[in-house]
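**Student:** Structure below; questions to follow.
The values are calculated or read from the model by the stated rules, or taken from the named source; none is laboratory data. Computed from a predicted model, the values in this text were never measured in an experiment. In this analysis, Cβ positions are derived from the backbone assuming ideal geometry, glycine residues included, and neighbour counts consider all displayed protein chains. Note: areas computed on protein heavy atoms with side chains; ligands, DNA, RNA excluded. Shrake-Rupley method; radii C 1.70, N 1.55, O 1.52, S 1.80 Å.
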Amino acid sequence: MYFLIDCNNFFVSCERVFNPKLWNQPVVVLSSNDGCIVARSAEVKELGVPMGAPFFEWRTLLQKHNTHVFSSNFRLYGDISHRFIQTLRQFSPEVEVYSIDEAFLLLRDDFISTHNRTWQDLGEEIRQTVWRWLGIPVSVGIAPTKTLAKVAVELVKKNKSSTGVGVLIEPTEINRALGHLPVAAIWGVGWRYSKMLLANGVMTALDFKNQSPDWIRKKMTVFGSRTQTELCGVSCLDLQDVEPPRKSIVCSQSFGRVVTHKQDLQEALANHVAKACAKMRARDLLTRYISVFAYAGSHQFGGESLASVVSLSVPLDFTPEITRLAWACLDKFFKQGLRYKKIGVMLGDLVPLQNAQYDLFETEFPNPKKSELMRLLDQVNQKWGDKGLQYAAQGFKKPWQAKTKTRSPEYTTSWAELPKVKAR
Amino acid sequence: MLIPLFVSRVAAGFPSPADEAIDQKLDLNSYLIPHPISTFFLRVEGHSMINAGIHDGDLLIVDRSLEPSDHKIVVAALHGELTVKRVHKKQNALYLMPENKDFQPIRITEEMGLTIWGVVTHVIHAV
């Protein structure tokens, strides 16, 4: 039996754990650079504010309702998410981390008979445990397939009087639930397919389930067929317990203000390269393909996407070399006079360290001095984080950095920013 | 009569009784934090708990998974703030007690909307 545990308004919930002033108050969390709304409390959802809305468009309305606004606090959310997953592991060793705030659990079908419980009871216990241990409210969906578990969670969230746990096992229950779900809300059906389905009279998930399997196969390929099979209660999507090998690592960020000088772009790019390289080395990978991309102009008045790539004959993981190559890409597309909004780097064609091939002219591969230097760099930075070691190319003042005007303290990852408790 | 004396040492074969103990290092984390998932650190501001050995600026280790039973020191959420107090259950009433004669006990009623945030297990401060 599959369980899907989905945290409610996760970023907002994390902010609320250490700050009782936010309980039952309207709260929003903004994306990096404070541009878009990426999390809304129930109170804010009721005001009609959509997910991903640009903050400046809704600022007045939110201010009128005394909404608390926060910049993203990823260290906090990451730590709470980690604890969330650890909590779930208490219930089953088979856990798939689907996203920062969602996970699937797989329990054996004979679990309830051997433990003399109901699935509902177990779902309730999971919910209570996460609430007690972490202060995070969650919705639980229980079903014989992952796709149906997703449906169960959708319904729990929509239904205000729900207990927070939704079970979809009985066929009549399943069909009733599917009848209330629009096709676009089915997991695995994107907006592109939903258009096609609606045009063919397939309005609800129940209609989808009842369509001829051949028709689904023809119109939506094997992925559509799998979704249909799952909706029929037959599991064909397994739990993914191993992170699939990374194909590429991207690091980019929008600027806090418009950037016009090439040196600022180079600085920002060097920072993104450093971060991406650290991530890559942490997975024992090297890159053979570097792509640098940037965005200049504005959405309203026409913007330009710029990019340049370089393919390597020898895989690399040495930050200074990759930075130099990234700068060479930047040289290729940099235009004077453009107002740059964003720059980023993608390290692709990643190859594991043990599979990397030699260069005919390199005497030793990997170069031990370079490897040792990177190893030390990564070690120091793991301990000191932002206050660790950086290359001079990454700049000192960094005027292009993203705004994080109202980030809450890093309550669980910084000694200097611990939550305060009053003894008064 | 001469008795022969063994001069050669026994070759590296005798295990030292200390060998088994070598892997045992004292780890403060596992000693102080049996439930890391539900344990958080908080910083104290104020003097209302000095008689419990909790001073202004101290570090509290707080475990949310523990039962906030009578006489335990807890972190509670009251009037929009996190506060540290001792629990005192008296007949049918619940009180949050300070540990400083200059402060008053608080009698808890339904309307106050009290939530117990966690149980304090240790207080840490330098001397």
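**Student:** How many angstrom lie between the C-alpha centres of the stretch A:322-353 and the stretch A:57-73?
**Tutor:** Between the Cα centre of the stretch A:322-353 and that of the stretch A:57-73, the gap is 35 Å.
**Student:** Next up: With every protein chain left in place, what is the accessible area of A:HIS180 in Å² (1.4 Å probe, nearest 10)?
**Tutor:** Surface accessible to solvent at A:HIS180 totals approximately 130 Å².
**Student:** Is there a pair in A:LYS45/A:LYS420; A:LYS160/A:LYS422; A:LYS332/A:LYS405; A:LYS21/A:LYS64 whose C-alpha atoms are over 24 Å apart, and which pairs would that be?
**Tutor:** Pairs exceeding the cut-off: A:LYS45/A:LYS420; A:LYS160/A:LYS422; A:LYS332/A:LYS405.
**Student:** Regarding the stretch A:117-259, what is the average projected area of its C-alpha convex hull, in nm²?
**Tutor:** Across all orientations, the stretch A:117-259 yields a mean hull projection of 13.5 nm².
**Student:** Another one. Give the distance, in whole Å, between the Cα centre of the stretch A:108-181 and the Cα centre of the stretch A:201-279.
**Tutor:** Comparing the Cα centres of the stretch A:108-181 and the stretch A:201-279, I get a distance of 25 Å.
**Student:** For the stretch A:284-333, what is the Kirkwood hydrodynamic radius in Å, using each pair of distinct C-alpha atoms?
**Tutor:** For the stretch A:284-333, the Kirkwood estimate is 12.1 Å.
**Student:** With each run of n ≥ 4 DSSP H residues scored as -39500 (n - 2.57), what mean residue ellipticity at 222 nm is computed for chain A after dividing by its residue count and rounding to the nearest 500 deg cm²/dmol?
**Tutor:** -12500 deg cm²/dmol
**Student:** Testing the spin-label approximation: label points 7 Å from Cα along Cα→Cβ at A:GLN336 and B:LYS101. State their distance in nm.
**Tutor:** With each label placed 7 Å out from Cα toward Cβ, I get 8.1 nm.
**Student:** Taking only the C-alpha atoms, wrap a convex hull around the stretch A:122-183 and report its volume per residue in Å³ as a whole number.
**Tutor:** 89 Å³
**Student:** Ranked from the most accessible area to the least, with a 1.4 Å probe and all protein chains present, what is the order of B:GLU111, A:GLU304?
**Tutor:** Reading off the accessible areas and sorting them downward yields B:GLU111, A:GLU304.
**Student:** Could you give the radius of gyration (one decimal) and Dmax (whole number) of the Cα atoms in the stretch A:190-229, in Å?
**Tutor:** Spelled out, the Cα radius of gyration and Dmax of the stretch A:190-229 are 8.9, 22 Å.
**Student:** Give me Rg/Rg_expected for the protein assembly as shown, where Rg uses Cα atoms only and Rg_expected = 2.2 N^0.38 Å with N residues.
**Tutor:** Compared with the compact-globule rule of thumb, the protein assembly as shown sits at 1.19.
**Student:** Report the local net charge at A:LYS422: Lys and Arg +1, Asp and Glu -1, summed over other residues whose C-beta lies under 13 Å from its C-beta.
**Tutor:** Neighbourhood net charge equals +1.
**Student:** Sticking with this structure for a sec: Roughly what would the spin-label model give for A:VAL234 and A:LYS247, points 7 Å off Cα along C-beta, in nm?
**Tutor:** So the two model labels end up 2.9 nm from each other.
**Student:** Provide the per-residue ³J(HN,Hα) series for the stretch A:277-286, in order, calculated from phi with Karplus coefficients 6.51, -1.76, 1.60 and θ = phi - 60°, each as a whole number of Hz, with x at glycine and proline positions.
**Tutor:** 5, 4, 5, 5, 5, 4, 9, 6, 10, 10
**Student:** In the full protein assembly as shown, how much of A:TRP131 is accessible to a 1.4 Å probe, in Å² to the nearest 10?
**Tutor:** 130 Å²
**Student:** Okay, moving on. Take chain A, connect every pair of alpha-carbon atoms lying under 10 Å apart with a spring to form a Gaussian network, then pick out the residue of A:VAL140, A:VAL165, A:VAL156 with the largest mean-square fluctuation.
**Tutor:** The residue that fluctuates most here is A:VAL156.
**Student:** Taking θ as phi - 60°, what are the ³J(HN,Hα) couplings along the stretch B:65-73 by the Karplus curve (6.51, -1.76, 1.60), each to the nearest whole Hz, with x for Gly and Pro?
**Tutor:** Values, residue by residue: 8, 7, 7, x, 7, 4, 6, 6, 8 Hz.
**Student:** Once label points are set 7 Å from the Cα along Cα→Cβ at both A:LYS397 and A:ASN367, what is their separation, rounded to one decimal in nm?
**Tutor:** Using points 7 Å along Cα→Cβ, the separation is 3.3 nm.
**Student:** While we're on this one: If R₀ is 35 angstrom, what is the calculated FRET efficiency for the pair A:ASN210 and A:GLN128, using the beta carbon separation as r and rounding to 0.05?
**Tutor:** So, using R0 = 35 Å, E works out to roughly 0.40.
**Student:** Please compute the average number of Cβ atoms from other chains found within 10 Å of each residue's Cβ in peptide B:74-84.
**Tutor:** 4
**Student:** Would you mind putting A:26-39, A:264-277 in packing order, based on average other-beta-carbon counts within 10 Å, highest first?
**Tutor:** By packing density, highest mean first, the sequence is A:264-277, A:26-39.
**Student:** Work out from phi, with θ = phi - 60° and the Karplus expression 6.51 cos²θ - 1.76 cosθ + 1.60, the ³J(HN,Hα) of each residue of the stretch A:21-35, listed in order in whole Hz, and give x for Gly and Pro.
**Tutor:** 4, 8, 5, 6, 10, x, 9, 10, 10, 9, 5, 4, 6, 6, x
**Student:** Let me ask something else. Please list, by residue number, every one of the chymotrypsin sites (Phe, Trp or Tyr not before Pro) in the stretch A:140-208 that is coil in DSSP and has at most 15 other beta-carbon atoms within 10 Å.
**Tutor:** Here no loop site has a sparse enough neighbourhood.
**Student:** Taking R0 as 22 Å, what FRET efficiency do you get between A:ALA416 and B:ILE124 from their Cβ-Cβ distance, rounded to the nearest 0.05?
**Tutor:** 0.90
**Student:** Work out the FRET efficiency for A:ILE112 and A:LEU61 from their Cβ-Cβ distance, taking R0 = 51 Å, and round it to the nearest 0.05.
**Tutor:** Computed FRET efficiency for A:ILE112 and A:LEU61: 0.60.
**Student:** Please average, across the residues of B:36-46, the number of beta carbons from any other chain that are within 10 Å of each residue's own beta carbon, and give a whole number.
**Tutor:** 6
**Student:** Follow-up. Any chance you could run the full-extension gain for A:ARG217 through A:MET51? It's 0.36 nm times the residue separation minus the Cα-Cα distance, nm to one decimal.
**Tutor:** 56.5 nm
**Student:** Would you mind calculating the relative contact order of chain A from Cα pairs under 8 angstrom and at least 6 residues apart, reporting the percent as a whole number?
**Tutor:** Relative contact order comes out at 16 percent.
**Student:** Sticking with this one: Mind ranking B:25-32, A:70-77 by how tightly packed they are, going by the mean number of other C-beta atoms within 10 angstrom, highest first?
**Tutor:** Order by mean packing, descending: A:70-77, B:25-32.
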